[in-house]
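Notes to accompany the following structure.
What follows is calculated from the coordinates using simple rules that are stated; it is not laboratory data. All values reported here derive from a predicted model rather than from experimental measurement. A quick note on method: Cβ atoms are made from the backbone with ideal geometry, for glycine too, and the neighbour counts reach across all protein chains shown.
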């Protein structure tokens, strides 16, 4: 099996693939204080929880947007499974041209999402990822990564508001009964969830107008189902798009399960 690891600012998401089939997923809170040994124990426990043996894991690939945890997670995988993970970075062959001013500034997860999305639709594409930040990534019909938009994520917006407004209290992030809130809880839910949905539709409209070509829109991230039902511009949801992109990149870099990570090569786009 191939272990895919998406290290985000809020959560670490793990996936286990057998061929092209996603067999299991796990999710843990991102904790910058955990050691490699602690993450290694966590991984073994998660594998055991699904009644699998750690010897079933023959290869691994990881994308990380948390630099302090990149080496920690690499060591954890190395110690837990005795394999060398491939870490998505400047030396990884993506199969797409990255037309960002400085390609090194683009988060690995955003490139992985672009790879997975374009592999599926083979046309103009916008990927909206509802994570710590809400990101929009644009891919041309020729498979070029053009850039995108970064907006505050839903939880970040709520936390920021609560830190500055003394009379507001924490609420559950769930959809309100109506747009018009008749109490503070429903008013906050409407502003956050329906406001985010309107932001998504509005920015997609502006992006498509500026790009000049039609775009298929894929949403991903844990909060996608909550938001997308209130949008009109999102075509589909794939909560595991990043994991699938990692699977594609592992194969694209000439890796074979059981042989460890391939040597790094100079990125050609």
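Which shape class applies to segment 57-183: rounded if a/c is under 1.5, otherwise prolate when a/b exceeds b/c and oblate if not, where a ≥ b ≥ c are the square roots of the Cα gyration tensor eigenvalues? In terms of gyration-tensor shape, oblate. The angle between the Cα long axis of helix 195-211 and the longest principal axis of the Cα atoms of the chain comes to about 70 degrees, rounded to the nearest 10. Here is how the number arises for the chain: DSSP H runs of 4 or more residues each give -39500 (n - 2.57), the sum is divided by the residue count, and the result at 222 nm is -11000 deg cm²/dmol. Could you give the distance between the Cα centres of segment 158-199 and segment 96-120, to the whole Å? Their Cα centres are 32 Å away from one another.
Express the relative contact order of the chain as a whole percentage, based on alpha carbon pairs under 8 Å and six or more residues apart in sequence.
With pairs under 8 Å counted, the relative contact order is 22 percent.
At an R0 of 35 angstrom, the distance between the Cβ atoms of residue 162 and residue 214 translates into a FRET efficiency of 0.35. Could you list log10 I(q)/I(0) for the chain at q = 0.11 Å⁻¹, which the Debye formula gives when each Cα is one point scatterer? Listed by q, the Debye log ratios stand at -0.65. Our summary gives segment 2-91 a relative contact order of 31 percent, counting only alpha carbon pairs under 8 angstrom and 6 or more residues apart.
Measure nothing but the geometry: give the 0 to 90° angle between the long axis through the Cα atoms of 154-164 and the longest principal axis through the Cα atoms of the chain, rounded to 10°. Result, in degrees: 60. Using 0.36 nm per residue and subtracting the Cα-Cα separation, the extra length available between residue 169 and residue 182 on full extension is 3.1 nm. Averaged over residues, the count of other Cβ atoms within 10 Å places the peptides 186-192, 107-113 in the sequence 107-113, 186-192, highest first. Site pair residue 155 and residue 104 shows an inter-label distance of 3.0 nm when each label is modelled 7 Å from Cα along Cα→Cβ. Among 134-143, 210-219, the peptide with the highest mean count of other Cβ atoms within 10 Å heads the list, and the full ranking is 134-143, 210-219.
Counting DSSP beta bridges in the chain, what percent are antiparallel, to the nearest 5? Percentage antiparallel, nearest 5: 60.
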